[in-house]
Amino acid sequence: MSTEQSRRTPPTLEEVAAAAGVSRSTVSRVVNGSSRVSPEVLASVTAAIDDLRYIPNRAARSLANRQTMAIALVVPEETTRFFGDPYFASIVHGITRVLEPSDYVLTLQLASPSGPSEKTVRYLLGGNVDGALVVSHHSGDEFLSRLSNSMPVVFGGRPLGNQRDRYFVDVDNVAAAAMGTRYLIDLGRTRIASISGAPDMPAGIDRADGWLRSMKEAGLATDLLAHGDFSMASGARCMRELLDRAPDLDAVFVASDLMAAGAVSVLRERRRTIPADVAVVGFDDSPAATSGEVELTTVHQPSVEMGEAMAHMLLGLLRGEEQERVNIMQTRMVVRASA
């Protein structure tokens, strides 16, 4: 290959369009992650981009559009929780799968559960990102609730407070937890405890409410409720507390698989047979449900698909397209050895 050929200028958008047999604007829509292209056109353009090794000129587009082409993923959790909970890995996997073909980059901002630091606030409001995805919302995150006044924001899980102007993707946590609890009731269990999530988080509140609803409908006692924080350690702590209070409990509905794994370790420590002595139902259907000695019966929520839906919703908002404000996705029971 000659020196001139090896120093060939990078391929242009027009060359990609010609190779794919589509218009320049169609290639632009694909690069920007638009949903307004058919699967066939998407495949053709993607193949042309790969063949030509086309790299979008992000800097030039930023100057032309007055956009940063960056999206913030804001997670108000401690570092150990974010990297230790498979739920977050699934959500991020879904988000990145949608953003990868677009020209947007994702920046991670870990914040305190009580609210972001001044540095994070300055970054988010300083014109560094075009929009934000917020996962794991706490009641103290008043700034994150107001962030949508400054830029497009999509929440993973319903935000607390006024939801009229909020965009979010979630499951019906009350109905899902009620379903998981009814499953235990239908097995004939009568002394059913629950380990809920953090009481300052919508998922923790709603899953406790779902357990309470089914227990009341069945005329069963609702005194065995303990509050965890979605970590394995808190699941173990709550299980010890519940067994000390009620040695006769015969089932437990747990608001996350990670907490359920902690609960199972304590039940085995106390020599309780699962599920003969105590049946266990978790929530998430995450890798934590199948990685322990006892595979968990659990409520499946489509975490990867939820991340994808969040990213699609935000990209639509950034393109100025009308979006449904709320996307509630389906859950289902997955039956395994623990119940």
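The values are calculated or read from the model by the stated rules, or taken from the named source; none is laboratory data. Note that the structure is a prediction, hence the values are computed from the model and not measured. Please note: Cβ atoms are built from the backbone with ideal geometry, for glycine as well, and neighbour counts cover all protein chains shown.
For the range 84-93, check the following and say yes or no: at least one residue is in contact with a Ser or Thr (Cβ under 6 Å, 6 or more places away or on another chain) and of a type in the set (A, V, I, L, M, F, W, C). The answer is yes, given that some residue of the range 84-93 is in contact with a Ser or Thr (Cβ under 6 Å, 6 or more places away or on another chain) and of a type in the set (A, V, I, L, M, F, W, C). Do you know which of the residues in the range 325-336 that are loosely packed, with under 14 Cβ neighbours inside 10 Å and in a loop (DSSP other than H, G, I, E, B) is modelled with the lowest pLDDT? Looking at residues that are loosely packed, with under 14 Cβ neighbours inside 10 Å and in a loop (DSSP other than H, G, I, E, B), I get 325. Please determine whether any residue of the range 199-216 is in contact with a strand residue (DSSP E or B) (Cβ under 8 Å, 6 or more places away or on another chain), in a loop (DSSP other than H, G, I, E, B) and not assigned by TED's automatic domain parsing to the domain that holds residue 159. Yes, the range 199-216 has at least one match. Do we have residue 61 as modelled with pLDDT under 90 and surrounded by fewer than 17 Cβ atoms within 10 Å (Cβ to Cβ) here? Yes: the conditions hold for residue 61. Before we move on, is residue 134 crowded, with 21+ Cβ neighbours inside 10 Å and at pLDDT 85 or above? Considered against the rule, which asks whether it is crowded, with 21+ Cβ neighbours inside 10 Å and at pLDDT 85 or above, residue 134 comes out as yes.
Okay, residues lined up against (1) within 18 Å of the chain's Cα centre (by Cα); (2) surrounded by 19 or more Cβ atoms within 10 Å (Cβ to Cβ); (3) part of a loop (DSSP other than H, G, I, E, B); (4) modelled with pLDDT of 95 or more:
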| site | (1), (2), (3), (4) |
| --- | --- |
| 229 | yes, yes, yes, no |
| 234 | no, yes, no, yes |
| 252 | no, yes, no, yes |
| 288 | yes, yes, no, no |
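What are the residues in the range 166-213 that are of a type outside the set (Gly, Ala, Ser) and free of Cβ contacts under 8 Å to residues at least 60 places away in the same chain, if any? Those that are of a type outside the set (Gly, Ala, Ser) and free of Cβ contacts under 8 Å to residues at least 60 places away in the same chain: 173, 174, 182, 185, 186, 199, 205, 206, 209, 211, 212, 213.
Listed by first and then second residue, the pairs with beta-carbon distance under 6 Å, at least 6 apart or on different chains, first residue in the range 265-285 and in contact (Cβ under 8 Å) with a residue 40 or more places away in the chain, second among the acidic types (Asp, Glu) and not in a loop (DSSP other than H, G, I, E, B), are 282/257; 284/257.
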